[in-house]
1. Asp132: more than 9 Å from the ligand (Cβ to nearest atom) and among the charged types (D, E, K, R), yes or no?
2. Looking at the structure I just gave you, is Leu112 in contact with a strand residue (DSSP E or B) (Cβ under 9 Å, 6 or more places away or on another chain) and in a helix (DSSP H, G or I)?
3. Which ones in region 128-140 are assigned to a loop (DSSP other than H, G, I, E, B) and modelled with pLDDT of 95 or more?
4. Residue by residue through region 93-105, note down the ones that are of a type outside the set (A, V, I, L, M, F, W, C) and touching a residue at least 12 places away in the same chain (Cβ under 8 Å).
5. Out of Asn106, Asn123, report the one residue that is at pLDDT 95 or above, surrounded by 15 or more Cβ atoms within 10 Å (Cβ to Cβ) and not hydrophobic (A, V, I, L, M, F, W, C).
6. Considering only region 71-88, state which residues are crowded, with 20+ Cβ neighbours inside 10 Å, among the aliphatic types (A, V, I, L, M) and more than 19 Å from Glu139 (Cβ to Cβ).
7. Which of the residues spanning region 44-94 are in contact with a Cys (Cβ under 8 Å, 6 or more places away or on another chain) and either small (Gly, Ala, Ser) or within 12 Å of the ligand (Cβ to nearest atom) (or both)?
Amino acid sequence: MKIIKAKKEHAKLLYEIESIVFCGDAFALSQASITYHLKHNTFFIAYENGIALGYILWLERKSYFRLYSLAVLPEHRDKKVGSFLLEYSFKNLTCKTFSLEVKQSNEKAINLYKKFGFEVAKNLKAYYEDSDGYLMKREF
Ligand SMILES: CC(C)(COP(=O)(O)OP(=O)(O)OC[C@H]1O[C@@H](n2cnc3c(N)ncnc32)[C@H](O)[C@@H]1OP(=O)(O)O)[C@@H](O)C(=O)NCCC(=O)NCCS
């Protein structure tokens, strides 16, 4: 598996992944938001044999990085792509603190984040239209 830092020419590919993974989700990124984030924030894309498997998007804040989105295409799940994207991020983003928000119903993502040292920092009541959320932090 190989990871690359996305550039503006990857906007269409990222939008295709987004549309499949977050189809119908109110938080799904539009093509315009993806273009904005490509300019101002950090996307990493995971590839295998030239095929894109998924991406991770980090927003850089003053003293931490916020995981804004993590998406693995359905046919490539449970093969450690999400783990690989997280591991690569922690090695390559120069920061000690990371945060994220996740739906309380997303057991799989929560388990994945816990595996990488994230802990629940706050209960976010009605954060999503269909679920409460958790604020999770990794501080070490
Ligand atoms: C969440 C997501 C990114 C995980 O990607 P992935 O490549 O399948 O994940 P990995 O194979 O690296 O991670 C597997 C880990 O998830 C957890 N997990 C896997 N299947 C699970 C299940 N059915 N129930 C609970 N936890 C599960 C485990 O901690 C597992 O680690 P382990 O195999 O070492 O036990 C992917 O499922 C996805 O894109 N989902 C839709 C979008 C989404 O929910 N994004 C996160 C928004 S915050």
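1. For Asp132, the condition - more than 9 Å from the ligand (Cβ to nearest atom) and among the charged types (D, E, K, R) - is met.
2. Working: in contact with a strand residue (DSSP E or B) (Cβ under 9 Å, 6 or more places away or on another chain): yes; in a helix (DSSP H, G or I): yes.
Criteria met by Leu112.
3. Filtering region 128-140 for residues assigned to a loop (DSSP other than H, G, I, E, B) gives 128-132, 140.
Of everything in region 128-140, just one residue is assigned to a loop (DSSP other than H, G, I, E, B) and modelled with pLDDT of 95 or more, namely Asp132.
4. Just the residues of region 93-105 that are of a type outside the set (A, V, I, L, M, F, W, C), to begin with: 94, 96-97, 99, 101, 103-105.
Within region 93-105, Lys96, Thr97, Ser99, Glu101, Lys103, Gln104, Ser105 qualify.
5. That would be Asn106, the only listed residue that is at pLDDT 95 or above, surrounded by 15 or more Cβ atoms within 10 Å (Cβ to Cβ) and not hydrophobic (A, V, I, L, M, F, W, C).
6. Residues of region 71-88 that are crowded, with 20+ Cβ neighbours inside 10 Å, as a first pass: 71-72, 81-82, 84-86.
Going one step further and asking which of them are among the aliphatic types (A, V, I, L, M), we end up with 71-72, 81, 85-86.
The answer is Ala71, Val72, Val81, Leu85.
7. Result: Ser63, single match.
The values are calculated or read from the model by the stated rules, or taken from the named source; none is laboratory data. Since this is a predicted model, take the numbers as computed values, not measurements. Ideal geometry is used to build each Cβ from the backbone, glycine not excepted, and the neighbour counts take in all protein chains shown.
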